[in-house]
1. Checking the conditions here, which among B:Pro142, B:Pro148 is in a loop (DSSP other than H, G, I, E, B) and at pLDDT 95 or above?
2. Find all pairs meeting these conditions: Cβ atoms under 9 angstrom apart; at least six residues apart or on different chains; first residue within region B:68-80 and among the acidic types (Asp, Glu); second residue part of a strand (DSSP E or B).
3. Among the residues of region B:185-223, which ones are assigned to a strand (DSSP E or B) and either touching a residue at least 24 places away in the same chain (Cβ under 8 Å) or touching a His at 6+ places or on another chain (Cβ under 6 Å) (or both)?
4. If you go through region A:158-178 one residue at a time, how many are surrounded by fewer than 22 Cβ atoms within 10 Å (Cβ to Cβ), within 12 Å of chain B (Cβ to nearest Cβ) and assigned to a helix (DSSP H, G or I)?
5. Go through region B:155-184 and give me each residue that's of a type in the set (Ser, Thr, Tyr), under 11 Å from the mean Cα position of the chain (by Cα) and assigned to a helix (DSSP H, G or I).
6. Run B:Ala227 past the list (1) crowded, with 19+ Cβ neighbours inside 10 Å; (2) touching a Gly at 6+ places or on another chain (Cβ under 8 Å); (3) part of a loop (DSSP other than H, G, I, E, B) and report the number of the one that doesn't hold.
7. For B:Tyr20, all conditions in the list (1) modelled with pLDDT of 95 or more; (2) facing chain A (nearest Cβ under 9 Å) hold save one; what is the number of the exception?
Amino acid sequence: MELSDPLCYQAVLARDARYDGVFFTCVTSTRIYCRPICPARPPKITNCRFVPSAAAAQEAGFRACLRCRPESAPDLGAWRGTSASVSRALALIEAGALDEGKVETLAERLGMGERHLRRLFSQHLGATPIAVAQTRRMNLAMQLIHQTDLSMTDIALASGFGSLRRFNECFQQLYERPPGALRRRAARMFSAAL
Amino acid sequence: MNARPARCGGARPECFQQLYERPPGALRRRAATAAGYGIHLLLPYRPPYHWPAMLGFLAARAMQHVESVVDGRYRRSIEIDDVAGWIEIGHAPEKHALAVSIHHPNLGALPGMIARIRRLFDLASDPDAIDAALARDERLAPLVAARPGLRVPGAWSGFETAIRAILGQQITVAAATALANKLVAVLGRPSRSAGPFAELTHLFPAAGCFTPALLDQIGMPRARRAALAGLAAASLADPFLFDRKADLETAIAQLSALPGLGPWTAHYIAMRVLRENDACLASDIVLRRILGAQGDYLSTAAVQARAEAWRPWRAYAVMHLWAADQAVPSQLKESKNAPVL
């Protein structure tokens, strides 16, 4: 699907579910990124940057919106269709190829050089392979924070972070608060809505 | 493991109940069970999703003691790093998601297990694009209208589904499932610990279990037994055997090089295990029958030619035709001209 800024903005105004998972809106004034269906008031078009993946948004320093929760968008990762190599790489990353392994090893497994793989990722997803793997871990962690009662230590392990320290660092950096605060916030928001 | 703190303002019990869908006491009890047991998650998909067809496909092929379909949910035993576990998958249509329960003590394996469930249930597909493309074909248009959002069932385990593909060569789904039940009875291993689902007591046999002596106990032609043993050996030798290849042609060439794997089996494995959207089972007897006119079977070459219009979604076209055939009462399928296999 060819995406242009005006088309994406129309989708945002209409909260068009057909674009959910196809692109994300980075809001430069708030440093937050959203799904096209976000219930929040639409930002001005001048404050919008449209990216083809959650990883592209997070790599550029945007954090996931706590209202539309980009981690619960349908994940069409392997479906870009434009590049078989990117689809194969995404399937391997999804299965954990970069949780411990290196990009170089992943590229080798795909029968290509590391630079070529990086170039394909940048072209199709607007993000590096490492950022894609990192975003996947953060998004799974967010799902576990919201949907389960696992402890933060268990969530760090279950979302593919090597350690609790690494998990806390990543959340602190992106959300400017520890992961536990997000769960409390989610609980508060929920009770406020009752 | 700490129970999730209740931060609901006045801490009304009904508030807690709504938030966690269980009373506070249950939460504490759950926290006391082994870490990693019973993780419940929603895995979102892009609507529509034709859940009855997916569930029906899995139910028709469910192996006793390993898989079951109960109350609209699919359950199976799993094995990760030699440790048994169980999964259960149901539909949450109002959330546009599948509701997944994962029971396995190894929390670190969770991302990999989610990836496998997403592949098994084809959660990454874009039904708008596929349905629009297939609806342009006049034979498929009514089928697409009848089953919008039909998915291609994938595989939990590449090895298991490839073995099942060999068992399914040239026989009906029911006969192939009976053979698979026998395979589990002879080669399958009881799971050492009791799981949450009483009916799931066994694990599908690992590749190392496919020894000639054990295979001899299952009534099957010699060539079929050799194919099973060959696939088991190949999967032990190459851990990447069921990785997606550069393209469909490469995958078919590599799979066809294994003993006893013809084009039908290779394409079946490509379709379900490698998730090749354009895999095409042109020699499939059901396709040849239903695409033929008035009880005449179409030739494989003719099916192949017909399927050109369905690229690059031939696997989805195959699923539509199979699903449509399943919906027809069997006495209407009688044909005088069934070819001898």
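1. B:Pro148
2. Qualifying pairs under 9 Å: B:Asp71/B:Gly90; B:Glu79/B:Gly85; B:Glu79/B:Arg189; B:Glu79/B:Leu203.
3. So the first thing to find is which residues in region B:185-223 are assigned to a strand (DSSP E or B), and the list is B:189-190, B:202-203.
Hits for region B:185-223 are B:Pro190, B:His202, B:Leu203.
4. Residues that pass the stated criteria total 0.
5. Correct list: B:Thr161 only.
6. For B:Ala227, the exception is condition (3).
7. Looking at each condition in turn, B:Tyr20 falls short on (1).
Results for (1) free of Cβ contacts under 8 Å to residues at least 60 places away in the same chain; (2) closer than 29 Å to A:Ala91 by Cα; (3) surrounded by fewer than 23 Cβ atoms within 10 Å (Cβ to Cβ), shown as yes or no for each residue.
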site	(1), (2), (3)
B:Pro259	yes, yes, yes
B:His267	yes, yes, no
B:Ala270	yes, yes, no
B:Val273	no, yes, no
B:Asp284	yes, yes, yes
B:Ile290	yes, no, yes
B:Ala293	yes, no, yes
B:Tyr297	yes, no, yes
B:Ala305	yes, no, yes
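The values are calculated or read from the model by the stated rules, or taken from the named source; none is laboratory data. This structure is a prediction, so every number in the text was calculated from the model and none was measured. As a convention, Cβ positions derive from the backbone with ideal geometry for all residues, glycine included, and neighbour counts pool all protein chains shown.
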